[in-house]
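Down below is the structure, laid out as structure tokens.
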Amino acid sequence: MPVQHVGRPLKRVEDPKLITGSDPYVNDVRLANALTMAVVRSSHAHAEITRLDTAAAARVPGVVAVVTGKDVNAEIGVIHCPLPDQAFDIVNREGHVILAEGRVRHVGEPVAVVVAETAAAAADGARAVIVDYTPLPAVVEAEAALRKGSPLLYPRHGTNLAIGLKREQGNVDAAFKSAAEVVELTMVSQRVIPFAMEPRACSAVWDARAGKLTVWGDTQVPHRMRDEIAERLKIEPAKVHLLTARVGGGFGAKVPVYPEDFLVPMLARRLGRPVRWAATRQEDVQATGHGRDMTCHLRLASDAHGRILALDARIVGNVGYCMYHVGPLLPALCGQMITGCYDIQTARVEVVAAYTNTMGTVPYRGAGRPEATYFIERGMNALAARLGLDPTEVRKRNFIAADRFPYTTMMGNVYDSGDYSGTLDHALTKAGYATLRRERDEARKAGRLVGIGLASYVEICGFEDDEVSDVVVSDDGRVTVLTGSASHGQGHETSYAQLVADELQVPIEMVTVVHGDTERVRNGVGTFGSRSMARGGMHALGNARQVKDKAIAVAATLLEAAAADVVLDDGRFKVRGVPDRGVTWKQVAAASKGALVARQDLKGAGTLFPFGSHVAVVEVDRDTGHVRIVKYVSVDDSGFLVNPLLAQGQVHGGLAQGIGQALWEGAAFDEGGQLITSTLMDYALPKSEDLPSFENDHTRTLSPRTTLGVKGIGESATIGSTPAIANAVVDALAPLGVGHLDLPLAPGKIWDAIRRARK
């Protein structure tokens, strides 16, 4: 029998090049005679531009061009959020231009660009651009922005309200009136900054003779970036060749196409020379989309046994200075998922989002689902505390039963499959929950602040059913998969090869996966929302099956047999019942004359809903407020795992980001709208020494909507970990009477809560 690769924890074939530095990132691509672009950015959060003088910059040695909004905005046009107005009840739509004109609305907004022979000359030229501002009052918090009298970003609207929607099912008010218990909690999922390893970058070359652009961009959506550049520069998409090179992390923030991504190819065409740009770390922090930034006012009504009768949630989102990309969708997505794993059909969900003088919010790992899970899971713990029940009991009494799938939520999502109680039980057993509770209680008697946190989550993923994953067999039998699902660290080159190698019964070394190249891959959607395996991978598998059927037909001709009698066995095509009669893949490929190709645009069957339960144990230092993670157990259910090792890598990375938000990370602004966490000296990312050795496991509840029952794993751990840690810290502080603290749970905040509790 051939070696089975699917389901095995194979190491990534991508890694040798990555760890030896032989795979280029955007900035590593060598371009002869290239110019460098530098960006002049607003130093104010809100101001009128009263003077913009580029004369001195143009005289700086080495400067080739200085460009302002009046030079480019008319050609590019206004960039609008791609979401339809019908997605909301209220919309005050505002897009953004490439370079600000007249007014700036956040620190770091591009005002002008300088192109020069060297990076140093470009930076000198940018410093020489004179911009005079008349400062205006700024507002950086969404709830403050919605108050009467707040500074208006777009005065013609008379409000900073960007979007609004309200959904209600059942008699919510009556349920609250009849409830035995009502808990109310206001929670903040703070603004975070993606901080990918590789800051954004873009390079471009214009071939005037061919009328063709070649662009290198660190994007998660190469074909969409190609199409948007082509549309704005009025070039046929086929005349734009977009390559991603390697991408040093994206986490959703590299889904949008940013102003610099249009400016670089535009200037390469205008100037007739290659142009490159790479953000400094501070630029990347200021002008790459931010994540989260939502507040939830949550009320839960329950009977005396903890069964939830109704939910009432008001979610307030901060979309930043405009409707940036799909940022306005994220508060709405949070509202869609606010009922979580629970059978709550009587509910009222209101979502509003405000414009503020901050960078736009964009998808960030989980995008709306981590916020929803944090809100409902903190609410479940608050309800358990009110009733004096174990947090596990409140969850189990409200879980959607395993025999009720597919399950339609009050917000209209149709969950595909699940066994929430089974996965929670598995997590509790793996963690030794009863022992942990006993040890926690003994520690409390000794005066130590030890806490246990639980979180159960469900997420929505696998957005957009389409994806291109063509399969082509060359004359020598080698196989190429050409996928539009471009990797930025997920391991497509390994996992997709596993699927195709097994289906075609060829050595995995014979399979090459091509992505991130719009000239070789004919189309694609991209990589985001934990969709890669469910879409790119399953479509590759589907096309591989079609190739196999074609190969069997060719083999039948060579073997002078009926196709129905030919089987692929142990890597050879054989006549059923006559094991000695057979041909090899190489023979079949050579005889096929290039016909072993499948380029079917396959379709998925709807969104997917992975789930899981996490258990965290922490100890809080009474004297410093420092949180030490004692134990962390995650059990995630993403259906069938094609490569468990890659899944574990996704879990580890996701845990680091979710725990980082819980304990350390947070974008902070002063009253004037200055981002005061704009460097790694100010913004606290988790370090390896801050994190324990995680204990990870999986249950496997297959989805009926994908070929192998796969779901998604890329965002799961981020979604489950933030509330698990938050619940653990609050549990540790519970003996002091602390019922809630806002994120991040930094030492100073905890120390202050302990100090106030002592008074």
Label-point separation, Ile130 to Ala591 (7 Å along Cα→Cβ), nm | 8.1
Could you tell me whether region 4-115 comes out rounded, prolate or oblate from its Cα gyration tensor? Rule is a ≥ b ≥ c as square roots of the eigenvalues, rounded for a/c under 1.5, then prolate if a/b exceeds b/c, otherwise oblate.
-> oblate
When Lys593, Lys586 are ranked with the fewest other C-beta atoms within 10 Å first, the list becomes Lys593, Lys586
Report the extension gain between Ala56 and Arg270 in nm, rounded to one decimal, defined as 0.36 nm multiplied by the number of residues separating them, less their alpha carbon distance.
-> 74.9 nm
Helical mean residue ellipticity (222 nm; -39500 (n - 2.57) per DSSP H run of 4+; nearest 500) of the chain = -9000 deg cm²/dmol
Give me the distance between the Cα centres of region 311-331 and region 252-308, rounded to whole Å.
-> 13
Put +1 on the Cβ of every Lys and Arg and -1 on every Asp and Glu Cβ in the chain; which of Ala724, Val575, His515 then has its Cα farthest towards the positive end of the dipole?
-> Ala724
Could you pull out every one of the aspartates and glutamates with an alpha carbon less than 12 Å from that of Lys166, ignoring same-chain neighbours closer than 8 positions?
-> Asp89, Asp312, Glu350
What Kirkwood radius, in Å to one decimal, follows from the Cα pairs of the chain?
-> 27.6
Evaluate the distance, in nm, between pseudo-label points positioned 7 Å from the Cα of Val78 and of Ile508 along their respective Cα→Cβ axes.
-> 5.1
Of Leu136, Ala123, Val107, which is farthest on the positive side of the dipole of region 90-141, counting Cα position, with +1 on Lys and Arg Cβ, -1 on Asp and Glu Cβ, and the Cα centre as origin?
-> Leu136
Calculated FRET value between Arg307 and Asp569, using beta carbons and R₀ = 56 Å, to 0.05 | 0.50
Under 15 Å from the Cα of Lys11, which aspartates and glutamates turn up, not counting those fewer than eight places away in the same chain?
-> Glu493, Glu509
On a C-alpha basis, how far is the centre of region 625-669 from the centre of region 586-622 in Å? Whole number, if you could?
-> 21
Full-stretch length increase - Ala87, Gln546 - with 0.36 nm per residue and alpha-carbon distance subtracted = 161.4 nm
Around Tyr133, which amide H atoms from residues at least 5 apart in sequence, or from another chain, sit under 5 Å from its own amide H, with H modelled in the peptide plane?
-> Thr50
Given Lys239/Lys593; Lys396/Lys711; Lys177/Lys749, which pairs have Cα atoms separated by over 28 Å?
-> Lys239/Lys593; Lys177/Lys749
Under the 7 Å Cα-to-Cβ spin-label approximation, Ser22 and Gln600 lie apart by a distance in nanometres of 3.7
Most exposed to least, judged by fewest other Cβ atoms within 10 Å, Arg270, Arg147 sort to Arg147, Arg270
Shape category assigned to region 683-759 from the gyration tensor of Cα positions, a/c cut at 1.5 = prolate
Computed E for Glu48/Glu439 - FRET, C-beta separation, R0 56 angstrom, nearest 0.05 | 0.35
Residue-by-residue Karplus 3J(HN,Hα) for region 716-729, coefficients 6.51, -1.76, 1.60, Hz, glycine and proline x | 3, 5, 5, 5, x, 7, 4, x, 4, 5, 4, 5, 5, 5
By Cβ neighbour count within 10 Å, fewest first, His290, His492 rank His290, His492
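Every number in this text was worked out from the coordinates using simple rules, so none of it is lab data. Bear in mind the structure is a predicted one, so any value in this text is a computation, not a measurement. Methodologically, a virtual Cβ is constructed for each residue, glycine included, from the backbone with ideal geometry; neighbour enumeration extends over all protein chains shown.
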